[in-house]
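Since the structure comes first, as structure tokens, the remarks are kept for the end.
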Amino acid sequence: MTLSSARFTLASGVLRNSALAEAVRALRAKVDDVARRGTLGGEGIRRVEVEFAGADPLAFLAAQRPGARAYVRGRDGVMAIASVGTAASFGSADDPAFQAMRDAEPRLIGILSQRFDSGRESGAEWRGFSAASVRVPAVELRREAGRTTIGATVVGDGAATRAALARVESGESPTDPHGLAPEFAPGFGADEGVNSSLSAWKIAVDATLAEIEAGPVRKIVLARTRTFRLGEDADPCELLLRLGENEPGTYQFLIEDAPGVSFLGASPERLFQRTGNKLLSEAIAGTRPRGETPARDQHLVESLFASEKDRHEHQLVLDQILEKLAPVVASIRFARYPRLLRLANVQHLCSPVDAELREGVSDGELLARLHPTPAVCGQPVERARTIIRACEPFDRGLYAGPVGIIGATTDVCVAIRSALLVGSTVTAFAGAGVVAGSNAESEWRETEHKLATFERVVAARG
């Protein structure tokens, strides 16, 4: 399937779905009834929904007008949510008004996106995105454990929700693109010709190794970019569809700032999942590419587990997670030895963490404790982040920040394996952990393997 046929298939499948069309009409009637009767809850909010016989959330999103869309799919695929429009927006998961809404409507969710480094000045390409945002969808299509619903959240006079419903009902779908012709050059900098060379990467790695040797820094994660230029504007739903096909066992997400500007990715890394007092987290660090043959793949696995450098890097990540969680957990369990996490292009060392939280621990506190992990920043965090600001000639923006769902089950990933789409430009990000014993060429190759998925996706041909 080409990128152009992907959009046609996504959008046309939804437009022909009579069950969805009927559900949207029923939802509109419920929203109108709430507005007419004034039956908002005590917090000035009401959520209504209609269950129907299935539609794919990403296909639903692809059929909507660009500009205020979002999508989050859990790594296990049990939940996927596509949203159109924003009923309310908050700057924190712990905002009291958002908490009051959640208390009033237990099925209410917020879609979280947060910058990697709120202390760094935002680059021009990121300025439409908030430093941290929890957006309550105006209209959402939710697939959860085999059940599909379309819901709407009415806040105040409900104007934002009615406008979003009107866009959904119009059935307007994007124009089918054709003739995509990607052109790209590998780079370390965000702009063509600015630090866009392996030599610049080597200088940055050498500088971080000098910091590590001087102490007390033990690890620094450097990121780089690769820019793909298309023949015409990129469509985020198409790219996310193909990313999902290439990396099925991942979190998948799309946050749209404006028409033609979006951030998307397929991340293997969970920051945390929380239901009540039950918490799941994990350490992922240490990487090898996938082998061309089963024998080569197994050799690379053995090399990964035998690598002192990779085991050390992994242990740093696990140790910090355990340290940060210690004050807020009643009990905690973790694997004694790391496991293998296999993806399409790379494989990682992974150590799951399972904890019981103390009473009163909020999602906001967990975010503050766990982000950023040494897997995407370094250790100690604040010094590593300062060095990253000095060494990386671009703003990471939402790359490597938390993205996910805040709700009855909060599920947040680390937004790696991701890209920023601006018009016809796709800028993909990848990082590598630098510790004592690291080699610049090896770390460059690691980022190449991580960027390979985007290269294949953007350059896809029918």
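The values are calculated or read from the model by the stated rules, or taken from the named source; none is laboratory data. What you see is a predicted model; the values in this text were computed from it and never measured. Note that we place each Cβ from the backbone using ideal geometry, even for glycine, and neighbour counts take in every protein chain shown.
Exactly one condition in (1) of a type outside the set (Val, Ile, Thr); (2) at pLDDT below 90; (3) surrounded by 19 or more Cβ atoms within 10 Å (Cβ to Cβ) is not met by residue 232; state its number. Result: residue 232 passes all but (3).
Give 152, 132 a once-over and let me know the one that is more than 29 Å from residue 24 (Cα to Cα), touching a Lys or Arg at 6+ places or on another chain (Cβ under 8 Å) and in contact (Cβ under 8 Å) with a residue 24 or more places away in the chain.
132 is the lone residue from the list that is more than 29 Å from residue 24 (Cα to Cα), touching a Lys or Arg at 6+ places or on another chain (Cβ under 8 Å) and in contact (Cβ under 8 Å) with a residue 24 or more places away in the chain.
Return yes when residue 354 is buried (at least 17 other Cβ atoms within 10 Å of the Cβ), assigned by TED's automatic domain parsing to the domain that holds residue 446 and acidic (Asp, Glu) and no when it is not. So residue 354 does not fit the description; no. Restricting attention to region 357-381 and to residues that are in a strand (DSSP E or B) and not hydrophobic (A, V, I, L, M, F, W, C), the residue that is surrounded by the fewest Cβ atoms within 10 Å (Cβ to Cβ) turns out to be 379. For beta carbons closer than 6 Å, sequence separation of 6+ or different chains, a first residue in region 331-359 that is touching a residue at least 12 places away in the same chain (Cβ under 8 Å) and closer than 19 Å to residue 311 by Cα and a second that is part of a loop (DSSP other than H, G, I, E, B) and hydrophobic (A, V, I, L, M, F, W, C), the qualifying pairs are 351/335; 352/335. For region 70-85, a residue qualifies if it is β-branched (Val, Ile, Thr) and at pLDDT below 95, and exactly one does: 78. The set of residues in region 247-277 that are closer than 28 Å to residue 407 by Cβ and surrounded by fewer than 19 Cβ atoms within 10 Å (Cβ to Cβ) comprises 248, 249, 258, 259, 275, 276, 277.
Each residue in region 414-457 was checked for being touching a Ser or Thr at 6+ places or on another chain (Cβ under 7 Å), among the β-branched types (Val, Ile, Thr) and closer than 17 Å to residue 348 by Cβ, and 3 of them qualify. A residue that is of a type in the set (Ser, Thr, Tyr) and within 16 Å of residue 274 (Cβ to Cβ) cannot be found anywhere in region 379-389. Residues in region 406-434 that are part of a loop (DSSP other than H, G, I, E, B) and modelled with pLDDT of 90 or more: 5 in all.
Scan region 254-275 for residues that are of a type in the set (Val, Ile, Thr) and within 18 Å of residue 77 (Cβ to Cβ) and the total you get is 1.
Which count do you get for residues in region 22-48 that are in a helix (DSSP H, G or I) and either more than 30 Å from the chain's Cα centre (by Cα) or without any contact (Cβ under 8 Å) to a residue 12 or more places away in the chain (or both)? The number of residues fulfilling the criteria is 13. In region 337-349, the condition of being farther than 24 Å from residue 247 by Cα, at pLDDT 90 or above and of a type outside the set (Ser, Thr, Tyr) is met by no residue.
In region 286-302, is there at least one residue being in contact with a Cys (Cβ under 6 Å, 6 or more places away or on another chain), closer than 24 Å to residue 218 by Cα and either surrounded by 17 or more Cβ atoms within 10 Å (Cβ to Cβ) or modelled with pLDDT of 95 or more (or both)? Looking for residues that are in contact with a Cys (Cβ under 6 Å, 6 or more places away or on another chain), closer than 24 Å to residue 218 by Cα and either surrounded by 17 or more Cβ atoms within 10 Å (Cβ to Cβ) or modelled with pLDDT of 95 or more (or both), one finds none in region 286-302, hence no.
Based on this model, can you work out whether residue 384 counts as surrounded by fewer than 17 Cβ atoms within 10 Å (Cβ to Cβ), outside any strand (DSSP E or B) and of a type in the set (Gly, Ala, Ser)?
no
Looking across region 387-398, the residues that are assigned to a loop (DSSP other than H, G, I, E, B) and under 12 Å from residue 118 (Cα atoms) come down to 395, 396, 397, 398.
Listed here are the residues, each with its yes/no results for (1) over 30 Å from residue 268 (Cα atoms); (2) in the same structural domain as residue 157 (by TED's automatic domain parsing); (3) buried (at least 22 other Cβ atoms within 10 Å of the Cβ); (4) in contact with a Cys (Cβ under 9 Å, 6 or more places away or on another chain).
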position: 29; (1), (2), (3), (4): yes, yes, no, no
position: 50; (1), (2), (3), (4): yes, yes, no, no
position: 53; (1), (2), (3), (4): no, yes, no, no
position: 60; (1), (2), (3), (4): no, yes, yes, no
position: 72; (1), (2), (3), (4): no, yes, yes, yes
position: 83; (1), (2), (3), (4): no, yes, yes, no
position: 100; (1), (2), (3), (4): yes, yes, no, no
